[in-house]
Every structure is written in C-alpha cells, then in structure tokens.
Amino acid sequence: MRTARIGVNLTTNISSDSGKNSLLPDAGKLRQNFCTLACALLLYVWGVLLGIGSTQYSWEGPKLPKPPPPVCLADTSSCGCCVMQRELWHLQERVATGLNQLDRNIARAEQTVASIRTGRSAFSTALTNQRRRCVGPLREETNLVYEVVFVNMGGTYNRQTGVFTVPQAGVYSLALTMFSDAGSAGELLRACVKLCVNDIPLSKSSEQNRQDQEDSASVAIAVQLRVRDRVSVRLMPGCIICDNNLHYNTFSGFLLYPTF
C-alpha cells in the first residue's frame, strides 16, 4: 500500500510540473527573437559607422539625406548587400544633384540667348534717294531725318524724327558720313553736324572754308548706351548738307554686345 501511494504521488507531482512548464516561453523562440534583435542592432551600428546620419551638402546648402529603402533588412545575414545599396544610393543622389544644377545652368543660358535675340538692334540710313536734296541753312539746330532706310532691325529708328532709340543696354557702334556742296567755286562751304545722345553732343564734324567746293567727313565711335537713350544727328545753325541717290550722307548703328 505504501508503494502504491508513492507512485500516485510521483505521478501527481509530475503532472503538476508539466502544467507549470507549459506556461513558460519556448526556448527556441527566445533564441530566434534574440538573433533578430541582435541583427537589427548590428545593422544600426554599421550604418552609424558608415555615416548614414551625417549631413550632406548640395548647391542649395546642407541637408539631411533621405534614408535608403530597407531592402537589406530582408537579408540580415549579408552586410555586403547593405554596403552596395548605400553606395548606390549616394551615387544616385550625386548624379541627381548634378543634373539639377545642369538644368539650372541651361535655363539661365537659354534666358540669356533669348534676351540677346529679342534685343538685337541695327539700323542703316541715308539722307535721300532724290537726284539732289539739300538741308539748311537753318537758324536753329535741328535733327536730320534720313529718308532712306536700308536696315531697321527691331524698328528702333524713327523715320519721322530721325532718332534711334536704344532698345537694350550695351555697347553700340555708331557711324555717320557727311557731305556738302557749296554750289560753285569760291563760295563758302558750311558743312557741320553733331552726333548726339539725348541731345548732348557726342562728336562733331565740321567743314567750313572757301577752298573746297565739295567736302566730306566721317565719324565712327563705340559708346555704351542705356535703355531708351535717344541717338540723333543734328544739323548746326547756318550749315548745309547736300546729297543725291549715291548716298553720301549716312547714319548707322548696331549693338556690339549687351550689358546686364
């Protein structure tokens, strides 16, 4: 009877211990979770050592890079995968930054070219197409109106007033030729004109003598002008110029290069 009672007690105790052990976590699962946590921690430390959190610099200033997609987390046994992916991501970022800067440079270049094209300016004129035309002498200084227009790019030369209005700031080449005929030998030759900017004399050409029945002169100058400056040739008081369809009297100008 004593032996039987001991067997019952052993059986009962074993059954009780088995019930308690069923409440504890499985040792295999504990090891798996620990390995997963250790791998994740290892990836984080590896990323810090490689400088993932360091500040990146671009043309717009310092910025924090976007983290690469966690592709390698699916394969925690291969650290080489993460290194290659990270380097590829940095390379893509540098290429994208360079392309963005290139796009901005191209846009600025296109804007500059468009500005130059719209600001192109050139004109060339002559006094008359008639067999003979003389202007002067007059009591007051006056603008010469050149009737024949060879070139008027941009419409900046006014056929009614004889004034060239500057469309774009820049350095311009201006030129004029002057011719006159006293009419007969011994008569006073009085050919005198001024090249003016905003009615201010820039250059003067004058021939006043009795030695020549005919005489001519020319002016060529490069000058920096501003937008809406007015350029004209003015006949001085008491002077006279004459021309015919051979165009001895001309007035021309064109933009050498713009200034911004």
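The values are calculated or read from the model by the stated rules, or taken from the named source; none is laboratory data. The shown structure was predicted, so the numbers you read here are calculated from the model rather than taken from an experiment. Every residue, glycine among them, receives a Cβ derived from its backbone with ideal geometry; neighbour counts consider all protein chains shown. What goes into the accessible areas is simple: the full protein's heavy atoms, side chains included, and nothing from ligands, DNA or RNA. Shrake-Rupley method; radii C 1.70, N 1.55, O 1.52, S 1.80 Å.
Only one entry of Ser216, Ser203 meets the criterion of being closer than 30 Å to Gly170 by Cα, free of Cβ contacts under 8 Å to residues at least 60 places away in the same chain, over 39 Å from the mean Cα position of the chain (by Cα) and open to solvent by less than 90 Å² (accessible area, probe 1.4 Å), and that entry is Ser216. Per the conditions (1) over 30 Å from Pro258 (Cα atoms); (2) out of contact with any Cys (no Cβ under 6 Å at 6 or more places or on another chain), the sole criterion not satisfied by Gly136 is (2). Per the listing Arg133, Arg230, the residue uniquely open to solvent by 60 Å² or more (accessible area, probe 1.4 Å) and among the charged types (D, E, K, R) is Arg230. Among the residues of the range 228-245, which ones are of a type in the set (Gly, Ala, Ser) and farther than 14 Å from Leu202 by Cα? Selection gives Gly238 alone. Run Ala191 past the list (1) under 29 Å from Arg226 (Cα atoms); (2) open to solvent by less than 20 Å² (accessible area, probe 1.4 Å) and report the number of the one that doesn't hold. If we test Ala191 against (1) under 29 Å from Arg226 (Cα atoms); (2) open to solvent by less than 20 Å² (accessible area, probe 1.4 Å), just (1) comes out false. The residue that is farthest from Phe179 (Cα to Cα), among those in the range 86-130 that are surrounded by 15 or more Cβ atoms within 10 Å (Cβ to Cβ) and modelled with pLDDT of 90 or more, is Ala122. Residue by residue through the range 138-163, note down the ones that are surrounded by 14 or more Cβ atoms within 10 Å (Cβ to Cβ) and under 20 Å from Ile240 (Cα atoms). Result: Glu141, Thr142, Asn143, Leu144, Val145, Tyr146, Glu147, Val148, Gly162, Val163. Evaluating Thr177 against the criteria (1) out of contact with any Asp or Glu (no Cβ under 9 Å at 6 or more places or on another chain); (2) open to solvent by less than 30 Å² (accessible area, probe 1.4 Å) leaves one unmet condition, (2).
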